[in-house]
1. Considering the stretch 145-292, what Rg and Dmax in Å follow from its alpha-carbon atoms?
2. Find the all-direction average of the projected area of the Cα convex hull for the stretch 362-469, expressing the result in square nanometres with one decimal place.
3. For a quick check of your reading of the filter: which GluC sites (Glu not before Pro) in the stretch 494-553 sit in a DSSP loop and have no more than 16 other Cβ atoms within 10 Å?
4. Please list log₁₀ I(q)/I(0) at q = 0.20, 0.22, 0.24, 0.26 Å⁻¹ for the stretch 12-53, using the Debye equation with identical point scatterers on the alpha-carbon positions.
5. Using only the Cα atoms of the stretch 446-553, each taken as one equal point scatterer with no solvent, compute I(q) by the Debye sum, divide by I(0), and report log10 of the ratio at q = 0.10, 0.11, 0.18 Å⁻¹.
6. Kirkwood hydrodynamic radius for the stretch 132-179: how many Å is it when counted over pairs of different Cα atoms?
7. Normalized C-alpha radius of gyration of the stretch 236-324, against 2.2 N^0.38 Å?
8. P(r) for the stretch 63-125: what percent of alpha-carbon pairs falls in each 10 Å bin, starting at zero?
Amino acid sequence: MAVASDSVAVEIRDLDVTFATDAGDVRAVRGVSLDVRSGEVLAIVGESGSGKTVTSRTILGLLPETATVGGAVILDGTDVAKLDKKELREVRGSKAAMIFQEPSTALNPVFTVGWQLAEGLRAHGQYSKAEARAKAVEMLGRVGIPDPDRRVNDYPHQFSGGQKQRIVIAMALALDPTVIIADEPTTALDVTVQAEILDLLRDLRDQYGTAIVLITHNMGVVADLADRVAVMLEGEVVETAPVGEIFAAPQHEYTKRLLAAVPRLEIADRTLSAEEAAGEPVVQATDLVIEYAGRFGRSAFRAVDRVSFSIRSGEVLGLVGESGSGKTTIGRAIAGLTPVADGSLRVLGVEMNGVKEREFRKRRSELGFVFQDPATSFNPLLTIAQNVAEPLVVHGKATDATAARGRVDELLDAVQLGGSFGDRFPHELSGGQRQRASLARALALDPKLLIADEPTSALDVSVQARVLDLFGELQERFGFATLFITHDLAVVDLLAHSIVVLHHGRIAEAGPTSRVLGTPEDAYTRRLIASLPVPDPIEQAARRAEWREAFGH
């Protein structure tokens, strides 16, 4: 842990933020007082709607015009809350900078990363064109991008997700700001890439004395990186303490609930009943090969290479791996959305290698889907009831949404929402509520197979815990087979009977959950497990040291 200096980088005093809406004023932040010192990481944690992101964005003046701000935000001796737009532009980048959650949306796809880095430098008038390019190369090297002299000319799509996040960090660091606001900087990343990004942020704090405000719902990340923690609930700070004290002796009931909801790797032993184990597989893959056609005369890219596994009724199979491992491709092939190149893939009795759409169409009603982001999987113009009824109408089980309403209300009750939620629109529900509604829609046709692709990665830890509990209850109640695609091993441990670990399209390891997580045989599986941060600062520090020694970081 770093020793923070006595100099205060940011001081927030009695901050109040109110948003004007059509339904009346909404007070999002209430009397918040916080400070961050140079060389310190302050983690602000809390569920969606707690005010943590709004509080952090006041440091950069990044609130909409509908916001009214009271109190003071002192950044390097200047009250940011009193600055006009021109003065705020001078502050942004030079005194405070932001690392956004999703690097793909923070980078412009039509410009090279070098141009985008140089643009920020030249906007502040301190660099010539040549100097800005040289600084861009230097910054890419500083954040660990290999061969920065060449890669400075590449476009965002030519980098992996972890590399894009490193570029966003380089942009934030370019003008040596006093404080960096990191808003969920690792949520979209695999655990191994997350470990590398956290190491990079830790080095920035230790080597350059940068103050970091970390916004996150991942308590493992908090344990790994933070020096102090501020817990927010409904716009107020309910507890602030050094990270060790928060985890060892939380004082507020809400903090205790947050920590209790964190999924931990406990190596559960989950087995199928004799009847389930003896049943015919719902999915049977044998030497499965999936390829994407090459363009401009290039050979095909093999995304999945000779993969074999099976899923039976009542079984949850966890498909685990980093981005690019082939796990989502396999999910798409099972759904008939991606063709099989070689080998065999039998889904609900249908051979998918060479299958025609009309042959598989009658089986589609036996498949259910739960997507990663429920906000984008719902039609925003339809009510929740209309969205949930859609599969019933499409497959001819109901004439329209009104006729399906009885069944829809049953489904909403099953996912612990209640029929009254059916009359709301998707934007009127929280993230957790939308994911429950997504579960209800997936179950509408009583599927024999459910495909869940990262269904909880975008949710707060307490909301995630409730959704996972509900998922487990529904799976036991209805007995459907499940393909659970994720990169979170703690989530797999909670639900899965067996695990398949994918690495570059091949199976690195497969077997019962208790064996794969308890006594992993493959080095890649061990690396995945070692990269997973645990919600305990002392244990995590020891794990980090082991991880660096084992994997050369």
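Bear in mind that the values in this text are calculations on the coordinates, not laboratory data. What you are looking at is a predicted structure, and each value in this text was computed from that prediction instead of being measured. Cβ placement follows ideal geometry from the backbone for every residue including glycine, while neighbour counts extend to all protein chains displayed.
1. For the stretch 145-292, the Cα-based Rg and Dmax read 21.3, 64 Å.
2. Numbers: hull surface 25.0 nm².
Spelled out: convex hull of the Cα atoms, projected over all directions, averaged, 6.2 nm².
3. Working: sites: 509, 521, 539, 546, 549; in loops: 521.
In loop regions of the stretch 494-553 (DSSP not H, G, I, E or B), the sparsely surrounded GluC sites (Glu not before Pro) are 521.
4. Debye intensities relative to I(0), on a log10 scale: -0.74, -0.84, -0.93, -1.01.
5. Taken in order of the listed q values, log10 I(q)/I(0) reads -0.34, -0.41, -1.03.
6. 10.8 Å
7. Ratio of Cα Rg to 2.2 N^0.38 Å: 1.90.
8. The percentages, shortest bin first, are 16, 41, 33, 10, 0.
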